[in-house]
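Report on the following structure.
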Amino acid sequence: MSEVILEVKDLATEFDTEQGVARALDDISFEVKAGETLGIVGESGCGKSVTALSILRLLPKPAGNIVSGEVIFKGQDLIRLPADDMHNIRGNRIAMIFQEPMTALNPVYRISRQLNETLALHNPEMNKAEINEASINMLKRVGIPAPERRMKEYPHQLSGGMRQRVMIAIALLCKPEILIADEPTTALDVTIQAQILQLLKDLQKETGMAIIFITHDLGVIAELCDRVVVMYGGRIIEQADILTLFDKPRHPYTRGLLNAIPRLDKSSKEVLSTIPGMVPSLFDFLPGCRFQNRCDYVQEQCTQDIPVLESDSDGHQVRCFRFRELLS
Amino acid sequence: MTLLKVEDLKMHFPVYGGVLYRQVATVFAVDGVSFSVEAGKTMGLVGESGCGKSTIGRALLRLYEPTSGRVSFEDKDITHLKGRKLRDLRSDMQMIFQDPFESLNPRHTIGDILQEPYIIHHQGKPAERRQEVLKLLDRVGMPADSIHKYPHEFSGGQRQRIGIARAIALKPKLIICDEPVSALDVSIQSQILNLLIELQQEMGMAYMFIAHDLSVIKHVSDQIAVMYLGRIVEIADSETLYANPQHPYTRALISSIPEPDPRKRKNFTALKGEVPSPMNPPSHCHFVDRCPYSQPLCSEKTPLLTVKGTNENHRVACHFALN
């Protein structure tokens, strides 16, 4: 068993808005082991991106606040770390790539500057020539043809796939121990997505970094991850290793989600099973279980008490009062 | 029965530039496409961004003026219809858009939005229209009090239901669905797909379903056309296309889809490089630069969409298909 390098404990995050305080994350706990890929899956507004931003303390200020919990990275609690120390970790030992590579890259700087800046910041001992060479090598490694020429270009001169490769190159420059990837392929075409997923797999094999992969696409999760956290309404509702989750999903939401995807190997025009209703907004969470109004198995207890995340001996966790009955 | 027939449709857009603002280039968005849609059936059009699938949808509805080619609807040539005749035609051809946030007027109530098709086509008196609108809302699973609300009060999935209600209001014979579910969450996507399939079974209209997601296309379509850079590269009924894809691009597209099954992990090595610009496509076979099987012939002669095997509804545009 490899060591745990990141441990998130009881994390809760709130947003102060004009409509009142919204609790975007509640009771979030999970671990990331060295070298593994942890998937976080859920629909819009479930808190998966806020989880990533909370870990790196990149929440929009002053609205977003971590109200409780710990994020332990190699023995240090990131939440309580002084800002200077956090700078040394962010982008250096824990790096992040974003969904929209056009907005994440600065449009008025050349690619070279955006890469070199990261290296210069975290490696003051390197000189300019070394930095430039390291950047070019990194572009080569993420599969960008003619990297010397690309270094001199601006983001708008690159295609979406190329920009995402540049983002990955920037993230990997400082050899991070953890890479947080927030929907990195959602804006890309499927053949380009396949290239990027393959690249991430290959790079992980080479560097041994851990990846936290955030997506709404269960296909991508199945392709890439070792373990999966399923989120709904700002809470973790199920957590298991990848085979267990797809073979024996326990939470009614996870089951519904898995059955709702159209699959290539099913026959056409078959009625898809659906989850009735819609994804709740941060402001109208109900007391008790947050999935109650869309759940086929709701009973009185679900509307009053919050179910706890129960774990069995294999580490399969589920947050549902009735999952034992539903198993039989 | 053939409802819509498209023959050699071309849609080229000029690009202007330079000091004198002259035409400096042409975008070959759709470059010679032929297919037909059967009444009551679904034709799926799949391809990656920039392949021209949405342009075809818009050209069929005559939101764009096609550069050349012929479109016929119920055996009538509609390529150059104008004025009232064009408007009358549109009551038979409707569209559902990708973005339910931008396709509904934010300053109109849902009632106004849904009455508009009846007003434009002079159908019914105000009280009758209101009754029709209530029926429509009920049909797409929306509460009756939505009639007084505004689009911003609804979620993406609900807005897409409203978009569908508007499209079916005039009982059209063909609906062009341009990426109707790609902006929606997975659990909502399946609700909308089910609704579209139910409505088709009830009302018997044909769909032209445009999407980039092959699993969605396969789920709803009877026939599928795969597009690449302005051309159809393969067309077949949906089971055949999936079970026996012949064009190297179709194969690559299918093998690039991550399947929700951790036991079927793939090695994504199928396709290198990116789609070339439609301003400057490769001459002859458009896929030649990315094709793992390309031969000198591919850059010398344009492959035509032809029957290669025993199934005469399965056509493919590749010199070396089946080999």
Review point. What residues does the range B:170-204 have that are buried by at least 50 Å² of accessible area in the full protein assembly compared to the chain on its own, 1.4 angstrom probe?
Key: B:ASP185, B:VAL186, B:SER187, B:SER190, B:GLN191, B:ASN194
Review point. Taking Cα centroids, how far is the range A:170-190 from the range B:83-99 in Å?
Key: 43 Å
**Study point:** Between the range B:1-49 and the range A:238-288, the alpha-carbon center distance in angstrom
**Key:** 37 Å
Study note, to complete from the structure: So, over other residues within a Cβ distance under 15 Å of B:VAL33, counting Lys, Arg +1 and Asp, Glu -1, the net charge is +3
Point to revise | Equivalent ellipsoid dimensions for chain A as semi-axes, Å, which come from the Cα gyration tensor, largest first | key: 36, 23, 18
Revision key, fill the gap. Whole-Hz Karplus couplings 3J(HN,Hα) for the range B:41-56, θ = phi - 60° and coefficients 6.51, -1.76, 1.60, Gly and Pro as x, run 10, 10, 9, x, 10, 10, x, 8, 4, x, 7, x, 5, 5, 4, 4
Check your understanding: In the range B:214-255, which residues give up 40 Å² or more of accessible area once the other protein chains are added, compared with their chain alone (1.4 Å probe)?
Key -> B:SER215, B:LYS218, B:HIS219, B:TYR242
Review point. Cα axis of helix A:190-207 to longest principal axis of chain A: angle in degrees, 0 to 90, nearest 10?
Key: 70 degrees
Study note, to complete from the structure: Rounded to the nearest 10, the angle in degrees between the Cα long axis of helix A:128-141 and the longest principal axis of the Cα atoms of chain A comes to 50 degrees
Exercise for review: Could you compute the FRET efficiency for B:HIS284 and A:LYS175, with r as their C-beta to C-beta distance and R0 at 51 Å, rounded to 0.05?
Suggested key: 0.65
Practice item. Note the buried accessible area between A and B here, summed over both chains, with a 1.4 Å probe, in Å² to the nearest 100. Key: 4100 Å²
Review point. So what is Rg over Rh here for chain B, counting just Cα atoms and using Kirkwood for Rh?
Key: 0.99
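Under 13 Å from the Cβ of B:GLN160, count the other residues' Cβ atoms, weight Lys and Arg +1, Asp and Glu -1, and hand me the total. Mind dumping the intermediate values first?
Numbers: positive: B:ARG159, B:ARG161, B:ARG166; negative: B:ASP99, B:GLU102, B:ASP178, B:GLU179, B:ASP185.
Overall, the nearby charge balance is -2.
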Practice item. Would you kindly work out the equivalent ellipsoid of the range B:71-118 from its C-alpha gyration tensor and give its semi-axes, the square roots of five times the eigenvalues, largest first in whole Å? Key: 27, 13, 9
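Relative contact order (percent) for chain B, with alpha-carbon contacts under 8 angstrom and 6 or more residues of separation?
About 20 percent, as a whole number.
How much mean residue ellipticity at 222 nm does chain B get from its helices, if each DSSP H run of length 4 or more adds -39500 (n - 2.57) and you divide by all residues, to the nearest 500 deg cm²/dmol?
Details: 9 runs with 93 residues, N = 323.
-8500 deg cm²/dmol, from helical runs alone.
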Check your understanding: For the range A:9-79, what is the convex hull volume of its Cα atoms per residue in Å³?
Key -> 89 Å³
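What net charge is computed for the residues neighbouring A:VAL166, neighbours being all others with C-beta under 15 Å from the C-beta of A:VAL166, Lys and Arg scored +1, Asp and Glu -1? Intermediate results must be reported in sequence, preceding the final value.
Working: positive: A:ARG110, A:ARG113, A:LYS140, A:ARG141, A:ARG149, A:ARG150, A:LYS152, A:ARG163, A:ARG165; negative: A:GLU100, A:GLU117, A:GLU148, A:GLU153, B:GLU274.
It works out to a net charge of +4.
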Exercise for review: Kindly report the accessible area of the range B:198-323 per residue (heavy atoms of protein chains, probe 1.4 Å, no ligands, DNA or RNA), in Å².
Suggested key: 44 Å²
Point to revise | Values of log10 I(q)/I(0), in the order q = 0.11, 0.12, 0.14, 0.15 Å⁻¹, for the range B:118-221 under a Debye, Cα-only, solvent-free model | key: -0.35, -0.42, -0.57, -0.65
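Rounded to the nearest angstrom and ordered from largest down, what semi-axes does the equivalent ellipsoid of the range B:1-135 get from its C-alpha gyration tensor (root of 5λ)?
Details: eigenvalues 195, 86, 47 Å².
Taking √(5λ) for each Cα gyration eigenvalue gives 31, 21, 15 Å.
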Review point. Rolling a 1.4 angstrom probe over the protein heavy atoms, how many square angstrom per residue are accessible across chain A?
Key: 43 Å²
Review point. Taking accessible area as the heavy-atom solvent-accessible surface of the protein chains with a 1.4 Å probe, which residues of the range A:210-242 lose no less than 30 Å² upon going from the isolated chain to the full protein assembly?
Key: A:HIS216, A:GLY219, A:ALA222, A:GLU223
Check your understanding: Taking amide H positions as placed 1.01 Å from N in the peptide plane, with prolines and chain starts having none, which residues 5 or more places from B:MET95, or on another chain, fall under 5 Å of its amide H?
Key -> B:ILE176
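Antiparallel versus total DSSP beta bridges in the protein assembly as shown: what percent is that, nearest 5? It would help to have the intermediate numbers written out before the result.
Numbers: 60 of 97 bridges.
Antiparallel bridges: around 60 percent, rounded to the nearest 5.
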Revision key, fill the gap. Extend 7 Å from the Cα of B:PHE101 along its Cα-to-C-beta direction; within the range A:96-114, residues with backbone N under 13 Å of that point are none
Review point. Percent of accessible area on the protein assembly as shown owned by carbon and sulfur, 1.4 Å probe?
Key: 50 percent
Study note, to complete from the structure: In degrees rounded to 10, the 0-90 angle between helix A:160-172 Cα long axis and the longest Cα principal axis of chain A is 80 degrees
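So what's the convex hull volume per residue for the Cα atoms of the range A:1-155, in Å³? It would help to have the intermediate numbers written out before the result.
Values: hull volume 24.8 nm³, N = 155.
Taking only Cα atoms, the range A:1-155 has a hull volume of 160 Å³ per residue.
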Practice item. Name the long-range amide H neighbours of B:LEU184: under 5 Å, sequence gap of 5 or more, or other chain; modelled H, no Pro or chain starts. Key: none
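Mean shadow of the range B:192-323, computed from the convex hull of its alpha carbons, in nm²? Please list the in-between numbers first.
Values: hull surface 39.5 nm².
Its Cα hull, projected and averaged over all orientations, spans 9.9 nm².
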Practice item. Find the Rg to Rh ratio for the range A:134-250, where Rh is the Kirkwood radius over alpha-carbon pairs and Rg uses the same atoms. Key: 1.02
Review point. Can you give the three extents of the C-alpha atoms in the protein assembly as shown along their principal axes, from longest to shortest, in whole Å?
Key: 75, 65, 53
Review point. Which whole-angstrom value gives the distance between the alpha carbon centres of the range A:3-58 and the range B:221-278?
Key: 35 Å
Exercise for review: Please give the calculated 222 nm ellipticity per residue for chain A, where each DSSP H segment of at least 4 residues contributes -39500 (n - 2.57) and the sum is spread over every residue; nearest 500 deg cm²/dmol?
Suggested key: -9500 deg cm²/dmol
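The values are calculated or read from the model by the stated rules, or taken from the named source; none is laboratory data. All figures in this text were calculated on a predicted structure; none of them were measured in a lab. Cβ atoms come from the backbone with ideal geometry, glycine included; neighbour counts cover every protein chain shown. For accessibility, only protein heavy atoms count, side chains too; no ligands or nucleic acids. Shrake-Rupley method; radii C 1.70, N 1.55, O 1.52, S 1.80 Å.
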